Amino acid sequence: MWGGRFAGGPSAIMREINASIPFDKALWRQDIAASKAHVDMLGAQGIVSAEDAALIADGLDKVAAEYEANGVPENWDLEDIHMTTESRLAELIGPAAGRLHTARSRNDQVATDFRLWVRDAMDQAELGLKQLQVALVSRAGEHAASIMPGFTHLQTAQPVTLGHHLMAYYEMIGRDRSRFADARVRMNRSPLGAAALAGTGFPIDRFRTAEALGFDGPTDNSLDSVSDRDFALDYLMAAAQCSLHLSRLAEEFIIWASQPFGFVTLPDSLSTGSSIMPQKKNPDAAELVRGHSGRIAGCLTALMITMKGLPLAYSKDMQDDKPPVFEAASLLALSIAAMTGMVAEAKFRTDRMRAAAELGYATATDLADWLVRQANIPFREAHHITGSAVKLAESRGIALDQLSIDDLKAIDQRIDDRVYAALSVEASVAARCSHGGTAPDEVRKRVAQARVALGLEESA
């Protein structure tokens, strides 16, 4: 490839450090598509003859068929997917293959291929996340009124419903989808035709190739076109944030599946056993999702550090942009699929959840709120009164609603029998009817809205 400039070939070390074909062969579909768009434009502009353009396009189809059937060969002397494809094309159609690289460089070629790959990865992530949302909404609808403890600091706080809890993750995943969608809009410009860094003197039509590849238009600065990897960083940032949400959901299932909680029975298909303890059913899929989040965050960090000090335009460091993106995309796809299956197939132990909601004095806030509403007591004073009631109930090992009215009046004479209507967990969740609250009717309303947003139902 560089024979006119170098008298000798690369050393074995240079050959090994320089070759990217072991990982960038994943770009072969994008490389074929971009090359076909490029040669079509070259033919339309009269830069190459119509006959050569047709011959090259037909040859690229044959190369693609070989890759599809047999995989991409790894010849490290050819360095990368671009030269591997061009070399095979030359073997198939002869010298006309050399015209394919007219008016482009490997710099704009790889930038285009990589953008196409990342765009596909964004689309796949968005589709997978939508399916996770569908699973969350479906289960939330089933459990709009199923009572469970809500936690802060992993301590029982207030009763909520399982449906409300699941819909919290629906909201998180919705933000993840929006991040991928926003990133896709920003990155959807074609660098093809920027050439090495300065553009080209050939009369190319960059708008034609951009349209052929589904871009919104060409990039506007050739230096930026070949050196930009913001699109890859945007993808990794969205993937890292998404993986954190998936990890939180996975952690919930891990805790809930433990015997002290017993809130959920995980599907056999996403669990493993122990080689020595026959009773074990381990939440390995959830634990791996939790672990993958760290690796995905590491991929983001790796590319950020790679790009942090590079002058314009292209530097060989940028060859290392693809492994972290490929790794993160694979891990994210697995994580999304695992959590979608877990949400859809898990068996929720709502009896255990409700029993747990009655522990830990979860309705204490309801007592304080009752004192504010019914006895016109300032909240801070009501908070203190309620704390005294909790202390008394705790000392006797009973629930708040098991304290007698005499016990409660001994704490504050303004408490009367009406208070018991506020101290059940059902009354507690039903009272949280503000927009976005945990009241079953509010959860059902939000589930209905989500089903419309997901295209599962038409708007009423």
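The values are calculated or read from the model by the stated rules, or taken from the named source; none is laboratory data. Bear in mind that the values here come from a model prediction, so they are computed numbers and not experimental data. Positions of Cβ are generated from backbone atoms using ideal geometry, with glycine treated the same way; all protein chains shown enter the neighbour counts. Heads up: the accessible areas ignore ligands, DNA and RNA and are worked out on the full protein's heavy atoms, side chains in. Shrake-Rupley method; radii C 1.70, N 1.55, O 1.52, S 1.80 Å.
Numbers for the structure displayed
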| read-out | value |
| --- | --- |
| Built amide H within the under 5 Å cut-off of ALA157, gap 5+ | GLY150, PHE151, THR152 |
| Tilt relative to the chain, helix 162-187 - C-alpha long axis, 0 to 90 degrees, to 10 | 20 degrees |
| Cα principal axis extents for region 249-350, largest first, Å | 58, 30, 21 |
| Principal-axis tilt of helix 379-396 within the chain, Cα atoms, nearest 10 degrees | 70 degrees |
| Share antiparallel - DSSP beta bridges, the chain, percent rounded to 5 | 90 percent |
| Over 41 Å [Cα-Cα, the chain], rounded percent | 40 percent |
| Built amide H within the under 5 Å cut-off of SER146, gap 5+ | LEU162, GLY163 |
| Heavy-atom accessible surface of region 231-356: percent carbon and sulfur, 1.4 Å | 58 percent |
| Three-way shape label, region 51-180, alpha-carbon gyration tensor, a/c 1.5 | prolate |
| Region 325-332 - phi-based ³J(HN,Hα) in whole Hz, Karplus 6.51/-1.76/1.60, Gly and Pro as x | 5, 4, 5, 4, 5, 5, 5, 5 |
| J(HN,Hα) series, region 265-270, from Karplus relation 6.51 cos²θ - 1.76 cosθ + 1.60, nearest Hz, glycine and proline x | 10, 6, x, 4, 5, 10 |
| Rounded percent of accessible protein surface that carbon and sulfur make up, region 405-460, 1.4 Å probe | 52 percent |
| Vicinal HN-Hα couplings computed from phi for region 146-161 (Karplus, 6.51 cos²θ - 1.76 cosθ + 1.60; Hz; Gly/Pro x) | 7, 7, 9, x, x, 10, 10, 6, 6, 10, 4, 10, 9, x, 9, 10 |
| If the convex hull is drawn through the Cα atoms of region 99-159, its volume per residue in Å³ | 114 Å³ |
| Burial order of peptide ranges 333-346, 39-52, 108-121 (average beta-carbon count within 10 Å, highest first) | 108-121, 333-346, 39-52 |
| Estimated [θ] at 222 nm from DSSP helical runs (n ≥ 4, -39500 (n - 2.57)) normalised by residues in the chain, nearest 500 | -20000 deg cm²/dmol |
| Per residue solvent-accessible surface (Å²) - region 129-277, probe of 1.4 Å | 42 Å² |
| Rounded tilt (10° steps) of 81-93 against the dominant C-alpha axis of the chain | 40 degrees |
